[in-house]
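> First the structure, which I've put down as structure tokens, then a few questions once you've had a look.
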Amino acid sequence: MHKANRFRRESMCGIVGFLGKKRKTTFLIDKLNLLEYRGYDSAGYAELSEGKIYYSKKVGRIINLKESINEDSEITCAIAHTRWATHGKVTETNSHPHLSKTEEWAIVHNGIIENYEVLKKNLKFSPKSDTDTAVIAERLEELNINTIEDFIKSFDDVSGSFGLAAICKTKKNTIFLGKRKSPLFISQNKEGDFLIASDPICFKDFGTDYYCFEDNEFAEVNENGLTFYNSNLNIIKKRKARLDSLFKSYGKNGYSTFMMKEIFDESEALKNQVAYYKSQKIFEPLNKEFLESFNKVKLIGCGTAYHASEIGAKYFQKILNIDASAEYASEFIYNEPLLDNNKTLFIFVSQSGETADTLGALKIAKKLNSTCICLTNVMYSSLARLGDIVLPVAAGVEVAVASTKAYTCQLSALYMLASHLGNIKNRRNINYFDEIIKLSDKVLKFDKEQLNKLSSFLKDCNECIFIGKDLDFITAKEASLKLKETTYINSSSYPSGELKHGYLALIEEGTRVFAIACEKKLNIKTINSVKEAAARGADVTILTNDEGLKNEENVIYFSEENEFLLPILSIAPIQYLSCKTSLLKGINPDQPRNLAKSVTVE
Ligand code: F6R
């Protein structure tokens, strides 16, 4: 077993911190709210005031924490946290901030201290909380940490990952920060105040630029300013990054949920992506020489991003006639790759760019000396920073846990990439930019009334199945995942030809079947499977570009000739249907139970 597996706990957490002129405490808590989308089950904050640390921690929603704080209270130096428990109970004791025995230190932490049990044995006082973070807080006190240098050195024998912020009651208006593997950022606004966050989204309406901590970098921020250090205690100079203008569009824009808003962003997002690729000449470096540098393509991702990888592999096979395959990142990292050294082009697909499994796989590919393309929606993410070539997904901020617009933009980016290389290889000139622009006008044209009606049946369903062939089978997998995670309906996906090899035994009167039949050559095969299911009483809905079926009841029809682009059109109605059904069932599709937006643990 991989070492890190044994210590999965507090991971997809969120961190914020503030140091500056007096502000309402609720300012910090509102910043914490921007991290809600990551998923969490408790929240807490600690502030330093007149040589004492005051804190509050609450299980459940951030509003519980907010209600525990006097609304007139003000802060000048404070840290706050949302915890998403993977192992270890959801209790106030296990929530952050963690304080040392005499409440000298308080820290918030995102990541996993792998050797915390060893470190704990060397402590005089055993913290009440059974978390790894509590050990670090206690260590700071017992090691008599006084300066930033002491603080940095104390991490020499700490293994694992951390993004953390610490305050100490004897250090007036000072926050110590450190980062290894887990993201951490800091911004200073024009008034000179500092905001710390594990996601730059928190800097929206605060600053215009920010610093991004790299691994093993530390900092001290106090009234005199901000100083960065490396782990050798040298002061380092860092460059600022501009805050992504896309954050300006962050919000529900009148929709009841982020998921619905993000589905309806899709047309615009596809257009924006094309405009960005054109203006930035994204494909220019990917020339003939680049094309000749590989003879195999491996695409890697998790969940929805894995499905995009699978479709991308089909694009490479079909357009470039090249050996291409997709693999789950979580499987790839444990399988010694049998690859033709550096002749394999790797493409890593990740909305967040922080998925631990995908990052783990990227590190393996880099060791093989392979070229690594990273396709991500978050340009300041670890994936974007580690890739040899970064392709932006440019979907805009995606907040809902269930990925929608990022998926359709991933497909469009992969199609453009394969077509661009196909144009070079096949000496042709397909205008993939125009194709996507035309497609973007169709993506939201599905019949909402038809889907609203369908969702009222679906909400009472216990089980359903999605079937398809080839590209349509991959859409069936993604459709099934979307429905499962947002409605908790147990759904499966099968290649349509496989029904008669087993699943047919489960089909009975009223079983819900969705057939994706968008590939002209293969439609007939899937329709045959539909007939087999219907003959056994199944209620079938067909998503198809087959004109012959256009006017049939229970058919969702798409007019699109380019079969490579149909996976974009055929998933959008299912995303909508899932979201609608979720709402009818009283579920919040933005935050399905047990799931987090950014899975930063293996
Ligand atoms: C499903 C979903 C997840 C993610 C997966 C990978 O709707 O969003 O399956 O696709 O956790 O996340 P990223 O793309 O951030 O690497």
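> Do you know which residues across segment 340-358 are assigned to a helix (DSSP H, G or I), without any contact (Cβ under 8 Å) to a residue 60 or more places away in the chain and within 15 Å of the ligand (Cβ to nearest atom)?
So the first thing to find is which residues in segment 340-358 are assigned to a helix (DSSP H, G or I), and the list is 341-343, 356-358.
Within this subset, residues satisfying the condition of being without any contact (Cβ under 8 Å) to a residue 60 or more places away in the chain are 341-343, 358.
Hit for segment 340-358 is Thr358, nothing else.
> Restricting the search to segment 264-320, which residues are acidic (Asp, Glu) and either in a loop (DSSP other than H, G, I, E, B) or closer than 26 Å to Lys597 by Cβ (or both)?
Filtering segment 264-320 for residues acidic (Asp, Glu) gives 265-266, 268, 284, 289, 292, 310.
Those that are acidic (Asp, Glu) and either in a loop (DSSP other than H, G, I, E, B) or closer than 26 Å to Lys597 by Cβ (or both): Asp265, Glu266, Glu268, Glu284, Glu292, Glu310.
> Another one. How many residues does segment 324-339 hold that are away from the ligand (no atom under 16 Å from the Cβ) and touching a residue at least 12 places away in the same chain (Cβ under 8 Å)? Spell out how you get there, then give the answer.
So in segment 324-339, the residues away from the ligand (no atom under 16 Å from the Cβ) come out as 324-325, 334-339.
From the residues that got through so far, the ones that are touching a residue at least 12 places away in the same chain (Cβ under 8 Å) too are 324-325, 334, 337, 339.
Adding up the residues that qualify gives 5.
> Between Asn594, Asn554, Asn588, which is without any contact (Cβ under 8 Å) to a residue 24 or more places away in the chain and either in contact with a Pro (Cβ under 6 Å, 6 or more places away or on another chain) or closer than 30 Å to Leu359 by Cβ (or both)?
Working: Asn554 fails: either in contact with a Pro (Cβ under 6 Å, 6 or more places away or on another chain) or closer than 30 Å to Leu359 by Cβ (or both); Asn588 fails: without any contact (Cβ under 8 Å) to a residue 24 or more places away in the chain.
None of the others qualify; the one that does is Asn594.
> Follow-up question, since we're still on this one. I'd like to check which strands (runs of 3 or more DSSP E) are fully inside segment 154-198 and have at least 2 residues that are under 18 Å from Ile79 (Cβ atoms) and among the β-branched types (Val, Ile, Thr). Steps first, please.
Working: elements: 162-168, 174-180, 185-188, 194-197.
In segment 154-198, 174-180 are the strands (runs of 3 or more DSSP E) which contain 2 or more residues that are under 18 Å from Ile79 (Cβ atoms) and among the β-branched types (Val, Ile, Thr).
> Here's something else I'd like to know. Pick from segment 387-409 the residues that are part of a loop (DSSP other than H, G, I, E, B) and more than 11 Å from the chain's Cα centre (by Cα): which of them is farthest from the ligand (Cβ to nearest atom)?
Step one: list which residues in segment 387-409 are part of a loop (DSSP other than H, G, I, E, B), which gives 387-388, 393-404.
This time we only want the ones that are more than 11 Å from the chain's Cα centre (by Cα), so: 387-388, 393-396, 404.
On the way: Gly387: 13, Asp388: 18, Val393: 9, Ala394: 14, Ala395: 11, Gly396: 15, Thr404: 8 Å.
Per the stated criteria, the residue is Asp388.
> Of everything in segment 441-478, what is under 23 Å from the mean Cα position of the chain (by Cα) and within 16 Å of Val555 (Cα to Cα)? Give them in sequence order.
Scanning segment 441-478 gives a single hit, Ala476.
> Still on this structure: I'm trying to understand the selection: among the residues of segment 281-295, which are without any contact (Cβ under 8 Å) to a residue 60 or more places away in the chain and either within 13 Å of the ligand (Cβ to nearest atom) or within 27 Å of the chain's Cα centre (by Cα) (or both)?
Matches in segment 281-295: Lys281 only.
> Exactly one condition in (1) within 16 Å of the ligand (Cβ to nearest atom); (2) modelled with pLDDT under 95 is not met by Asn429; state its number.
The number of the failed condition is (1).
> Looking at Ala515, Ala538, Ala533, which one is more than 16 Å from the ligand (Cβ to nearest atom), small (Gly, Ala, Ser) and under 28 Å from Ala305 (Cβ atoms)?
Working: Ala538 fails: under 28 Å from Ala305 (Cβ atoms); Ala533 fails: under 28 Å from Ala305 (Cβ atoms).
Exactly one residue qualifies, and that residue is Ala515.
> Just name the residue that is farthest from Ser352 (Cα to Cα) out of those in segment 31-52 that are outside any helix (DSSP H, G or I) and of a type in the set (S, T, N, Q). Can you show your working first?
So the first thing to find is which residues in segment 31-52 are outside any helix (DSSP H, G or I), and the list is 34-35, 39-52.
Applying the additional criterion that residues be of a type in the set (S, T, N, Q) yields 42, 49.
Details: Ser42: 22, Ser49: 36 Å.
Ranking the qualifying residues of segment 31-52, first place goes to Ser49.
> Can you work out which of the residues in segment 129-145 that are assigned to a loop (DSSP other than H, G, I, E, B) and either touching a residue at least 12 places away in the same chain (Cβ under 8 Å) or in contact with a Lys or Arg (Cβ under 7 Å, 6 or more places away or on another chain) (or both) is surrounded by the most Cβ atoms within 10 Å (Cβ to Cβ)? Break it down into steps so the answer makes sense when it comes.
If we filter segment 129-145 for residues that are assigned to a loop (DSSP other than H, G, I, E, B), which is where we start, we get 129-131, 143-145.
Okay, now just the ones that are also either touching a residue at least 12 places away in the same chain (Cβ under 8 Å) or in contact with a Lys or Arg (Cβ under 7 Å, 6 or more places away or on another chain) (or both), so 129-131, 145.
Numbers: Ser129: 20, Asp130: 17, Thr131: 26, Ile145: 22.
Across segment 129-145, the extreme among qualifying residues is Thr131.
> Suppose the filter is under 23 Å from the mean Cα position of the chain (by Cα), among the polar types (S, T, N, Q) and outside any helix (DSSP H, G or I); does Ser412 pass it?
Numbers: under 23 Å from the mean Cα position of the chain (by Cα): yes; among the polar types (S, T, N, Q): yes; outside any helix (DSSP H, G or I): no.
So Ser412 does not fit the description; no.
> Residues to consider are Glu117, Glu149; find the one that is modelled with pLDDT of 95 or more and outside any strand (DSSP E or B). Before you say what the answer is, go through the steps one by one.
Details: Glu117 fails: modelled with pLDDT of 95 or more.
None of the other options fit; the residue is Glu149.
> Still on this structure: Run down Lys525, Lys453, Lys520, Lys550 and say which single residue is in contact with a Ser or Thr (Cβ under 7 Å, 6 or more places away or on another chain) and charged (D, E, K, R). Working first, answer last.
On the way: Lys453 fails: in contact with a Ser or Thr (Cβ under 7 Å, 6 or more places away or on another chain); Lys520 fails: in contact with a Ser or Thr (Cβ under 7 Å, 6 or more places away or on another chain); Lys550 fails: in contact with a Ser or Thr (Cβ under 7 Å, 6 or more places away or on another chain).
Checking each option against the conditions leaves just Lys525.
> On to the next question. Within segment 557-571, track down each residue that is in contact with a Ser or Thr (Cβ under 7 Å, 6 or more places away or on another chain) and not polar (S, T, N, Q).
Of the residues in segment 557-571, the ones in contact with a Ser or Thr (Cβ under 7 Å, 6 or more places away or on another chain) are 557-558, 567-568, 570-571.
Tyr557, Phe558, Pro567, Ile568, Ile571, listed by residue number.
> Quickly run through segment 301-323 and pick out the residues that are surrounded by 24 or more Cβ atoms within 10 Å (Cβ to Cβ) and away from the ligand (no atom under 16 Å from the Cβ).
Tyr315, Phe316
> Another question, if that's okay. Does Ile574 qualify as being modelled with pLDDT of 95 or more, hydrophobic (A, V, I, L, M, F, W, C) and within 14 Å of the ligand (Cβ to nearest atom)?
Working: modelled with pLDDT of 95 or more: yes; hydrophobic (A, V, I, L, M, F, W, C): yes; within 14 Å of the ligand (Cβ to nearest atom): yes.
Taking the combined requirement at face value, the residue satisfies it.
> Select from segment 363-386 the residues that are part of a helix (DSSP H, G or I) and surrounded by 23 or more Cβ atoms within 10 Å (Cβ to Cβ) and write down the one among them that is nearest to the ligand (Cβ to nearest atom).
For segment 363-386, the residue satisfying everything is Leu383.
> Kindly provide the set of residues from segment 70-105 that are modelled with pLDDT of 95 or more, out of contact with any helix residue (DSSP H, G or I) (no Cβ under 7 Å at 6 or more places or on another chain) and not in a loop (DSSP other than H, G, I, E, B), ordered by number.
Thr76, Cys77, Ile79, His81
> Can you pull out the residues in segment 52-69 that are of a type outside the set (D, E, K, R), in contact with a helix residue (DSSP H, G or I) (Cβ under 9 Å, 6 or more places away or on another chain) and in contact (Cβ under 8 Å) with a residue 24 or more places away in the chain?
Selection gives Ile62, Leu65, Ile69.
> Determine which single condition His420 fails, assuming it passes every other condition in (1) under 16 Å from Phe348 (Cβ atoms); (2) surrounded by fewer than 24 Cβ atoms within 10 Å (Cβ to Cβ).
Just one mismatch for His420, condition (1).
The values are calculated or read from the model by the stated rules, or taken from the named source; none is laboratory data. Because the structure is a prediction, the values reported are computed rather than measured. With ideal geometry, Cβ positions are generated from the backbone for all residues, glycine too; neighbour counts draw on all protein chains shown.
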